[in-house]
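Here the structure is laid out as structure tokens; the discussion comes afterwards.
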Amino acid sequence: MYWTLELASKLEDAPWPATKDELIDYAVRSGAPLEVLENLQEIEDEGDVYESIEDIWPDYPTKEDFLFNEDEY
């Protein structure tokens, strides 16, 4: 399983919190690339509910990761 920023961004608008099956269903309905579906299917399903993309890919960058000051613009 590998994630890129582009692949993970396809799940930003998913209905969080969500289970693995709900995320797969969302990816199919939204037309996400095949790699997203493959990555989701590789997740070990223990009935977990994921609160955000960070639960699936802990290295997903957040706004705090960028040195951009919104107050300046």
Of everything in segment 40-60, what is open to solvent by 70 Å² or more (accessible area, probe 1.4 Å), assigned to a loop (DSSP other than H, G, I, E, B) and among the charged types (D, E, K, R)? Give them in sequence order. Glu42, Glu44, Asp45, Glu46, Glu51, Asp59
Within segment 1-39, the count of residues that are acidic (Asp, Glu) and either in contact with a strand residue (DSSP E or B) (Cβ under 8 Å, 6 or more places away or on another chain) or in a loop (DSSP other than H, G, I, E, B) (or both) comes to 2
Which residue out of Ala8, Ala14, Ala27, Ala32 is under 16 Å from Asp59 (Cβ atoms), surrounded by 16 or more Cβ atoms within 10 Å (Cβ to Cβ), in contact (Cβ under 8 Å) with a residue 12 or more places away in the chain and not acidic (Asp, Glu)? Ala8
Criterion first (modelled with pLDDT under 95, out of contact with any Gly (no Cβ under 7 Å at 6 or more places or on another chain) and of a type in the set (Gly, Ala, Ser)) does Ala8 satisfy it? yes
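The values are calculated or read from the model by the stated rules, or taken from the named source; none is laboratory data. The structure displayed is predicted, hence computed values, not measured ones. Every residue, glycine as well, gets a Cβ built from its backbone with ideal geometry; the counts of neighbours run over all protein chains shown. Heads up: the accessible areas ignore ligands, DNA and RNA and are worked out on the full protein's heavy atoms, side chains in. Shrake-Rupley method; radii C 1.70, N 1.55, O 1.52, S 1.80 Å.
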